[in-house]
Amino acid sequence: MHLEYIDGAKLKQMIQAASSWLSVNKESVDALNVFPVPDGDTGTNMSLTLQSAAREAEKVDSQSASVVAEAMAQGSLMGARGNSGVILSQLFRGFAQAISGKDKLNAKDFAAGLKGAYQQAYRAVMKPVEGTVLTVAREAATAAMEEAKKNSDIIAVAQVFLLEGNKSLARTPELLSVLKEAQVVDAGGKGLLVAWEGAIKALKGGQVDWESVAEDQSKKHERAGAEGGSLSKETTEGALRYKYCTEFLVRGKNLNLDQIRTKLEPRGDSLLVVGDPNLAKIHIHTNNPGWVLEYCGALGDLLEIDINNMAEQNREFNEKKASEAREEEEVSTLYEDEGSEFPLMEDRQVSVVAVVAGTGLERIFRSLGVDSIIHGGQTMNPSTQDLLQAVEECQSDEVVVLPNNGNVVLTAQQVPQITKKKVSVIPTKSVPQGIAALLAFDPTKSLEENEKSMRASFGTVKTGEVTYAIRNSRFNGVEIEEKDVIGLADGEIRCVGKNIGEVTQELIEDMLDEDSELISLYYGSEVSSEDAEALYETLVEEFPDYEIELHYGGQPLYFYFISVE
């Protein structure tokens, strides 16, 4: 089979196949996380980003390659999750820019798009690191460009990209010692090539295993229902005025998005109306989804209707956590009254959006002046769209964003470019850094003043994390077995053991220096209050010269977050 040209319709097929194939195989990409900690979500993040790109491309009523590519770039940006997702979105952006104005692509055009893709991705990353998806994309595209000079067959060019990409991927451990020691290849590079395999299937006219895709999606929804995050009791009974999360698409003609917003706004909250005059995406929390659907149904055809009772979803979770909530009140008393010191939301000059997971941490962040909480963090990276929506919903025109996770920082940094509001992203990579930044926050001061003080404040905090190994591994010459307890200081593995308390104590001792004064511990959902208090008493006895605080965080995956100041 020889293919000399592709148009927008073929690009749509390629992105759909790439998205579906990565969705089927994302677990194998997730398993390539370098550290044996439960944060391997590269495949999942890239898969969700591709799904968003595919959905946006499907909306385009055009056969033009450049128009479809632009939609893919926009969709991938809005759906980007984690660093890998953001880099993937920049690959799409560079491809779209390189083929701008072209309705059909020949082999040289296609290869030029691949070159533009990696060049844009390199420009988007402040400090590009070789041995990552950037290297794989660059070396694969370079080989594809050479092939396009002598071969007019686009399928052959795409296959050369895959062949050289796999060779490049195999070399990534030689470029990054951390990959070599962990005996894995780069996860982002692997995700890119898995998606590319799906795209080649579409180029050849082959079929993706849709039955496997459907089964995978079904399992994903089952896991989401069984393991998904939940709203706190305070949120359910207080902020949750509207019970039904209602989402759907409206396909029509001359849809007036502003008019739809005006009509729906009194019917609920968390309203999102986006799209164009032909297709609109509606999201609203309401107590009367029937009325919303009836109104929008009169405007056009309703598609992908999804209605969930948020109160019911959280009822069992809240009952299970009720006893922990009482323990939290007994153990953690700091910050309880500090929220009253902050001005009302509508009187603030600056608002704050923070990414947090855990009922206790959510309460702490709100008491320190956060306006909007996005439930996320490790393995639950929010998308650019999630962050943008939170920013847009803030009352103030100036907003501070606290990512509180290294894998969310790059995603958050896309928001200032796509909103009319003035947004400052404070690059906090952990919960302790986020809390330290908030302690320097003053909502009555300007965004510039807050940015300066918050950046200076969080930079002085040392962060510790205690979690568990999800697989056998080796790091810095230390053998790590599955289910071992791991202590990390500022992202680096410092100690390994079998006992949570002992590893935590060893990690704290490693973090202390002559300037240290305060040790703060935030215990997670898998640690009982009795065990946390017992460790607290031990630490008070072992470190009598330091002030020690204990708080309930309720975070998943991590037994303890630790800050040393």
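FYI, it's all coordinate maths here, none of it is from the lab. What you see is a predicted model; the values in this text were computed from it and never measured. A quick note on method: Cβ atoms are made from the backbone with ideal geometry, for glycine too, and the neighbour counts reach across all protein chains shown.
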> Picking from V527, L488, L507, whose Cα lies most toward the positive end of the charge dipole for segment 488-565 (charges on Cβ: Lys, Arg +1; Asp, Glu -1)?
Replying inline: V527
> More than 24 Å apart: what percent of Cα pairs in segment 462-564 qualify?
Replying inline: 17 percent
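Looking at the square roots a ≥ b ≥ c of the eigenvalues of the Cα gyration tensor of segment 332-458, which shape do they give, rounded for a/c under 1.5, prolate if a/b is larger than b/c, or oblate? Working shown, then result.
Numbers: a/c = 1.44, a/b = 1.09, b/c = 1.33.
It comes out rounded by the Cα gyration axes.
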> Quick one: if you stick a label point 7 Å off each Cα along the C-beta vector at A456 and D258, how many nm between them?
Replying inline: 4.4 nm
> Taking the Cα-to-Cβ direction at K483 and at E542 and moving 7 Å from each Cα, how far apart do the two end points lie in nm?
Replying inline: 2.3 nm
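How long are the three semi-axes of the equivalent ellipsoid of segment 58-213, in whole Å, if each is the root of 5 times an eigenvalue of the C-alpha gyration tensor, listed from largest down?
On the way: eigenvalues 120, 64, 55 Å².
Taking √(5λ) for each Cα gyration eigenvalue gives 25, 18, 17 Å.
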>> Suppose each label sits 7 Å from its Cα in the direction of the beta carbon; what would the E146-K167 distance come out to in nanometres?
In response: 0.7 nm
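Order these peptides, 190-196, 495-501, by their mean beta-carbon neighbour count within 10 angstrom, highest first.
Numbers: 190-196: 25.3, 495-501: 16.4.
Per-residue mean Cβ counts within 10 Å order the peptides as 190-196, 495-501.
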> Using mean Cβ contacts within 10 Å as the protection proxy, how do 435-446, 255-266 order, highest first?
Replying inline: 435-446, 255-266
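Considering only Cα-Cα distances, which of the following residue pairs are longer than 18 Å: K59/K281; K10/K281; K12/K102?
Values: K59/K281 11 Å; K10/K281 25 Å; K12/K102 15 Å.
With Cα atoms farther than 18 Å apart: K10/K281.
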>> Please give the charge dipole size of segment 462-564, origin at the Cα centre, charges +1 on K and R Cβ atoms and -1 on D and E Cβ atoms. Round to the nearest 20 debye.
In response: 660 debye
